[in-house]
Amino acid sequence: MTALLPRAVHPAAWWGWAIGLAVAVSGVTNPVLLLTALGVAALVVTSRRGSSPWAKSFRLYLWLGLFIVVVRALLHVLVGLKSGDTVLLPLPEVTLPSWAAGINLLGDVRLEGLLGAIVDGLRLAVMIACVGAANALANPKRLLRSLPGALSEVGSAVVVTITVAPQLAESVQRVMRARALRGDTSRGIRALPRIALPVLEDTLDRSLLLAAAMDSRGYGRRRVVSPTQRLLTGACTLGGLVASAVGIYGVLDDTTPAWMGVPALAVGIALSLTGIWLGGHANARSTHRPDPWLWPEWLTVASGVLAAVAVHFVARGDAASLGMPLSPLAAPALPLLAVAGFLVAALPAFLTPTPPAAPTRGQGRLLAPVGHVDRAEGPLTVSHRGKKSERVQS
Amino acid sequence: MIEFDHVSVTFDGADQPALRDVTLEIDEGELALVIGRTGSGKSTLLGALTGRVPHFTGGTLAGHVRINGRDTREHRPRDLADLIGVVGQDPLAGFVTDTVEEELAYGMEQLGLSSATMRKRVEETLDVLGIADLRSAALTELSGGEQQRVAIGAVLTTHPKVIVLDEPTSALDPTGAEDVLATITRLAHDLAVTVVVAEHRIERVLQYADTVVHIGTNGVVTQGDPAEVMLTAEVAPPVIELGRWAGWSPLPLSVRDARRRARSWRQLPPGQPATGQHSAGEAAAPAGHPHEGEALLEARGIVVRHDGVVAVADVDLTLRSGEVTALMGRNGAGKSSLLWAIQGTGALTKGTVRMTNSIAGQAIDVRSLDAAQRRRHVGLVPQSAADLLYLDTVGAECDQADRESGRDPGTCRSLLDDLAPGIPDDRHPRDLSEGQRLALVLAVQLTADPPVLLLDEPTRGLDYSGKAALRRALHGLTARGRSVVVSTHDVEFVAETADRVVVMASGEVVADGPTRDVVVSSPAFAPQVSKITAPQPWLTVDDVRYAVPEPS
């Protein structure tokens, strides 16, 4: 049962699952279903997220979702079309001059319209929560590592960018503190050059150092490739692009002959993939401990897709049950098939391998001879756990 | 293995070549030590070796550099990645991934080694460097010494024939540096790798070096036997200075060798400790009795917490007039947090900081002042001093400093000329050398004329003459009754500069007393001269010169 030993599930599987769930949610305004989906996402995140820093980011997405719902409701009160019979809050209506005809500011807030707005906001919030779940579950760096060879360098560049962002924030803090040493605590636009200049210099310096280090470690090495293969790669990539463009045009324009549509698009995609695959040959790169793709990964993706399919079937049969009945106002329906689809999406919370335990640094230190206590001291940001183990030792 | 054939390097816009007609050869398995003053071209030489000069930096390279037969003219750094491993000064700046294991594998991934090989080599390297327990730790959570060892491991995994290290210990505390240096010598001894290392703690590596490459002024490079090159080298650690003064031949290269030669000195009657820790400006500060000055600043019960971690735990500190206090301790012992808390800009969880200056008449609570007022009482030069500079010329920085301190125009400029004469007004602060930039920041902070000046790690990146200039500046301040605190890892600098040493560990003060009493007994903090001549109470070469009538 190696598939179930504690390990990180392939990040692409989590994204597949999350996208399936988001697609399912996109066609739903029924609050019961929306909250079910949110609950499923939260359940999977809490039971399968790892110990990495971004694993804690799910909460941020939830706050973002709440913000969206509130903003949507406020916008409705301000400029929305107030429909329904039940007046909740009588407000005067402001009529705008003729050049802005059709927009009415404020006006009586009615229950039905407000509920519609909130449910609409909730749908967007839940979709964002799905993306947030994928972000919390899948290590973005590991996802980029599993890119095909031809794209791996782009992946490395993105990884470096992700790393630089927090460093930038740290530089800003440091420079702000240093500025206070010169008695300068002014804020706003006047302070900008005084902060921006040292920070930019710092960032540029670091970027150059990193680029030099990566260069020396072999980033961007190329294998010698025969001219024929290079030509073939170029032809495939270019041909794929052209065929894809023609295909997309054909799909969107009904008047074109049938062969210009889906077939051309399929050929284009196939050619592009071949180009990427061939291009990967020039890149000598290999991957240390690649994430395996076993049945839990298939199961994860399938559960997300199933949710989308279930909602799709309900939409074809009884589309009204996916919505919130507003006129007249009534309790939302409970389409069992859709609920079942969302519940299937919760399966990864139980059937995938558990994430590996957090790194246990400091274990070896407890056994180290007393003379080596010194090197245990971490930087100021050392975790509480680290400090404790040190105390125990001394 | 490494061959320089009439190599000259000229950077764009420079009228002088950075390296001039360098011809040298380093054989397989040798440990070569590159020495020279700051800015003499050590990094350029190492850059030419790794192909970064001129492929990455630009400039013109004349002659040929060949590594194992590969000419850097035809091979970019990435094409040499399987042959050369490069380790920089700041390990964190060169890390590409975020955990130890991934970082060790990164270089191998770029070379396209098979998965099985990578697994095996990662394990081997973890064991060679003794960092197996850190395997899945985040790189940012490691201490400086651990980070540097990971950086060395990350280049070791590709099994390079040459490893190039550019000042690998300059950012580390003494014990962290010790670990890294032990690793480096192990590379040369056990793994038969050719090691080229530029190092400012020359004495630690010198005894293991097979050859020394000395870069003099104007980019003239000489290579030779360590003992011979060190006789005339422009940079010399105390142990070499002592050997030169005593006329020992061959020159002892390690503390151990020197100790054997100094046997007769140890038998000298234990006289009074030599008076001069300072050679200049000690008239106002009676040496050896550092606690007699008037108390300028009293910090009581200082507690600093960062997110639940106690950085400074209930520290009392009194700073007296005319006294240089050295603040020592490991990385992360709370030195910086303490300095920032005392200055008033940094976080302070509990405690009081009072200026008990008789000029002001009454005690002032430093923390209650605003930023502009505070810097007139306590000045702080932070670790990354360049953060204070944001204008585009030295002259503009000086004018700004005069304005913000409310001093007469020209105050800062004259202070700067005292500290580092001859810096033109129109120079960009970024183009200054490390020592000049420190002098500028020091001048900016001194323009406000604070009675108490705190310096966080000022000696980083300074060579022996830069440190001597800083020492003179600090003693000039104490002679005028100011109080100076220097946080540093540099034991030699402390031995020659400080009147009093405060050692911190885990946020607490574990030792506080006159320099001599604190450092001599400590294995990590004892200066070389003290190690050589113990049980004599000498700390510096000057002490020995004063006490020993006949060198040998």
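When +1 charges are put on Lys and Arg Cβ atoms and -1 charges on Asp and Glu Cβ atoms, the dipole computed for the stretch B:19-167 relative to its Cα centre reaches about 520 debye. Take each residue in A:163-175, count the other chain C-beta atoms within 10 Å of its C-beta, and the mean is 2. Shielding of peptide A:286-293 by partners, expressed as the average count of other chain Cβ atoms within 10 Å per residue Cβ, is 5.
When each of B:Asp456, B:Asp499, B:Asp408, B:Asp5 is scored by the number of other beta-carbon atoms lying within 10 Å, the sequence from fewest to most is B:Asp408, B:Asp5, B:Asp456, B:Asp499. Packing-based ranking of B:133-140, B:162-169 yields B:162-169, B:133-140, ordered from highest to lowest mean Cβ neighbour count within 10 Å. Each of B:Tyr208, B:Val128, B:Gly41 was scored by the projection of its Cα onto the charge dipole of the stretch B:2-235, and the greatest displacement toward the positive side belongs to B:Gly41; charges sit on the C-beta of Lys, Arg, Asp and Glu. Say the dipole of the protein assembly as shown comes from +1 at the beta carbon of Lys and Arg and -1 at that of Asp and Glu; which of B:Ser336, A:Ala100, A:Ser156 then lies farthest toward its positive end? So the residue furthest toward the plus end is A:Ala100. Unpaired Cys in the protein assembly as shown, meaning no second Cys C-beta under 4.7 Å: A:Cys130, A:Cys236. Evaluating kT/(6 pi eta Rh) at 25 °C and 0.890 mPa s, with the Kirkwood radius of chain B over Cα pairs in the Stokes-Einstein relation, gives 98 µm² s⁻¹. Which percent, nearest 5, of DSSP beta bridges in chain B are antiparallel? Taking every DSSP beta bridge with both residues in chain B, the antiparallel ones total about 50 percent. The mean sequence distance of close C-alpha pairs (under 8 Å, at least 6 residues apart), as a share of the length of chain A, puts its relative contact order at 28 percent. Neighbour counts of C-beta atoms inside 10 Å place A:Ser156, B:Ser414, A:Ser216, A:Ser286 in the sequence B:Ser414, A:Ser286, A:Ser156, A:Ser216, starting with the fewest. For B:Thr38, the residues 5 or more places off, or on other chains, whose built amide H falls under 5 Å of its own are B:Asp463.
A cut-off of 5 Å between modelled amide H atoms, ignoring neighbours fewer than 5 places along the same chain, links A:Leu88 with A:Val109, A:Arg110, A:Leu111.
Summary of the geometry: the stretch A:223-247 and the stretch A:264-341, compared by the centres of their Cα atoms, lie 29 Å apart. Can you return the aspartates and glutamates within cross-link range of B:Lys467? Criterion is Cα-Cα under 12 Å, with same-chain partners fewer than 8 residues away left out. The qualifying aspartates and glutamates are B:Glu434, B:Glu457, B:Asp490, B:Glu492, B:Glu496. A protection proxy built from the mean count of other Cβ atoms within 10 Å ranks the segments B:207-220, B:310-323, most packed first, as B:310-323, B:207-220. Charge dipole of chain A (Cα centre as origin; +1 on each Lys and Arg Cβ, -1 on each Asp and Glu Cβ, all else neutral): 1900 debye, rounded to the nearest 20. Applying 1/(1 + (r/R0)^6) with r as the Cβ-Cβ distance of A:Asp205 and A:Leu66 and R0 = 35 angstrom yields a FRET efficiency of 0.30. The fewest-to-most ranking of A:Cys236, A:Cys130 by surrounding Cβ atoms within 10 Å reads A:Cys236, A:Cys130. Placing +1 on the Cβ of each Lys and Arg and -1 on the Cβ of each Asp and Glu in the stretch B:290-527, which of B:Ala420, B:Leu391, B:Gly406 has its Cα farthest towards the positive end of the resulting dipole? So the residue we want is B:Gly406. Of all lysines in the structure, those lying under 17 Å Cα to Cα from A:Lys56, and not within fewer than 8 positions of it along the same chain, are A:Lys141. In chain A, excluding the sites themselves, the longest stretch lacking any of the trypsin sites (Lys or Arg not before Pro) that are in a DSSP loop with at most 11 other Cβ atoms within 10 Å is A:1-186. Taken residue by residue and averaged, Cβ atoms of other chains lying within 10 Å of the Cβ of B:310-316 number 1.
Computed from point charges on the beta carbon alone (+1 for Lys and Arg, -1 for Asp and Glu), the dipole magnitude for the stretch A:118-215 about its Cα centre is near 380 Debye. Take B:34-41, B:143-150 and order them by the average number of nearby Cβ atoms within 10 Å per residue, most first; the result is B:143-150, B:34-41.
Close amide H contacts of B:Ala326 (hydrogens built in the peptide plane, cut-off under 5 Å, sequence separation of 5 or more or a different chain): B:Val486, B:Asp499, B:Arg500, B:Val501, B:Val502. Based on Cα contacts under 8 Å between residues 6+ apart, chain B shows a relative contact order of 15 percent.
Each value in this text was obtained by applying a stated rule to the coordinates, not by laboratory testing. These numbers come from a predicted model, not from an experiment. Don't worry about glycine lacking a Cβ; one is built from the backbone with ideal geometry, like all the others, and counts go over all protein chains shown.
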